[in-house]
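The values are calculated or read from the model by the stated rules, or taken from the named source; none is laboratory data. Predicted model, so just to flag it, every value in this text is computed and none were measured. Glycine also receives a Cβ, built like all others from the backbone with ideal geometry; neighbour counts cover every protein chain displayed. The protein model used for the area step is the full one, side chains on, heavy atoms only, and it has no ligands, DNA or RNA in it. Shrake-Rupley method; radii C 1.70, N 1.55, O 1.52, S 1.80 Å.
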Amino acid sequence: GDSVTQMEGPVTLSEEAFLTINCTYTATGYPSLFWYVQYPGEGLQLLLKATKADDKGSNKGFEATYRKETTSFHLEKGSVQVSDSAVYFCALSRQAAGNKLTFGGGTRVLVKP
Amino acid sequence: DVKVTQSSRYLVKRTGEKVFLECVQDMDHENMFWYRQDPGLGLRLIYFSYDVKMKEKGDIPEGYSVSREKKERFSLILESASTNQTSMYLCASGAASSGNTIYFGEGSWLTVV
């Protein structure tokens, strides 16, 4: 079945550091890939997405590129801020599976001033 | 903006009570979902629905039922609440018209005592 694996946290960084969160997936066909962010006490917000190979999703300084050859969708940000402290979820969906999201376990990121 | 509204943010219920969690979306989405989120277990799909009066079991349907009488509303029902159903419940909706992106509500924190 479909699965998503992302690096375990917590990841602790200083402000302005570079952030990478690794995400790899297993799925048949051509899934869409997503990064969601969850701030403390809140629901999930879509951060960015990519729907086909080599697409790059970007938002709020975050980027991720859909790499079919390595089945990866790593999240990056060049200079993090304290306000980026949150839990980040990598996820995939397939139209043939009713667009249900399959999530990774989430990575908690803590940015210190 | 897409709006997914969950009726209650925080609930405390007693063991054996019948519990209703309500969710409404305002974007005419066909697909609606209920997830639960638990520390260390990530997000798990309970039930989903592709259309009015249609429902499909997700990964952990035991102890839950759902109702979708109107397109915009998807209710999660705990027939007889138990302490192991203490969790954060997240409702979501999506459709092909939204690029198959799934949008989440703010979440409902349920404590069963």
Restricting to the stretch A:36-66, name every residue that is surrounded by 20 or more Cβ atoms within 10 Å (Cβ to Cβ), assigned to a strand (DSSP E or B) and more than 12 Å from chain B (Cβ to nearest Cβ).
A:Phe62, A:Ala64
Filtering the stretch B:50-74 down to residues that are surrounded by fewer than 18 Cβ atoms within 10 Å (Cβ to Cβ) and assigned to a strand (DSSP E or B), which residue is nearest to the other protein chains (Cβ to nearest Cβ)?
B:Glu56
From the set of residues in the stretch A:1-28 that are within 12 Å of chain B (Cβ to nearest Cβ) and under 12 Å from the mean Cα position of the chain (by Cα), which is nearest to A:Ala91 (Cα to Cα)?
A:Val4
Any residue at all in the stretch A:86-107 that is assigned to a strand (DSSP E or B) and open to solvent by 60 Å² or more (accessible area, probe 1.4 Å)?
no
Only one residue in A:Pro40, A:Pro31 is in contact with a Ser or Thr (Cβ under 9 Å, 6 or more places away or on another chain) and farther than 21 Å from A:Leu92 by Cα, so which one is that?
A:Pro40
Conditions: (1) hydroxyl-bearing (Ser, Thr, Tyr); (2) more than 23 Å from B:Asp38 (Cα to Cα); (3) in contact (Cβ under 8 Å) with a residue 24 or more places away in the chain. A:Thr65 meets all but one. Number of the miss?
(3)
Test for A:Gly29: is it at pLDDT below 95, in a loop (DSSP other than H, G, I, E, B) and in contact with a Gly (Cβ under 7 Å, 6 or more places away or on another chain)
no
So, in the stretch B:20-38, how many residues would count as being outside any strand (DSSP E or B), touching a residue at least 60 places away in the same chain (Cβ under 8 Å) and either in contact with a strand residue (DSSP E or B) (Cβ under 9 Å, 6 or more places away or on another chain) or surrounded by 18 or more Cβ atoms within 10 Å (Cβ to Cβ) (or both)?
3
When residues of the stretch B:23-37 are filtered for being within 11 Å of another protein chain (Cβ to nearest Cβ), charged (D, E, K, R) and farther than 12 Å from B:Ala92 by Cα, how many remain?
0
When B:Ala96 is run through (1) under 28 Å from A:Val37 (Cβ atoms); (2) more than 11 Å from chain A (Cβ to nearest Cβ), the failure sits at (2)
Please verify whether A:Lys52 is over 20 Å from A:Lys77 (Cβ atoms), free of Cβ contacts under 8 Å to residues at least 40 places away in the same chain and not polar (S, T, N, Q), treating the condition exactly as stated.
yes
Please work out if A:Phe103 is among the aromatic types (Phe, Trp, Tyr), more than 18 Å from B:Tyr35 (Cβ to Cβ) and under 10 Å from the mean Cα position of the chain (by Cα).
no
If you go through the stretch A:1-21 one residue at a time, how many are open to solvent by 70 Å² or more (accessible area, probe 1.4 Å) and of a type outside the set (D, E, K, R)?
6
Which residue pairs have Cβ atoms under 6 Å apart, sit 6 or more places apart or on different chains, and have a first residue in the stretch B:43-56 that is farther than 17 Å from B:Glu72 by Cβ and at pLDDT 90 or above and a second that is of a type in the set (Asp, Glu) and part of a loop (DSSP other than H, G, I, E, B)?
B:Arg44/B:Asp59; B:Leu45/B:Asp59
Scanning for something open to solvent by less than 30 Å² (accessible area, probe 1.4 Å), without any contact (Cβ under 8 Å) to a residue 40 or more places away in the chain and over 17 Å from A:Leu47 (Cα atoms), does the stretch A:68-76 turn up at least one residue?
no
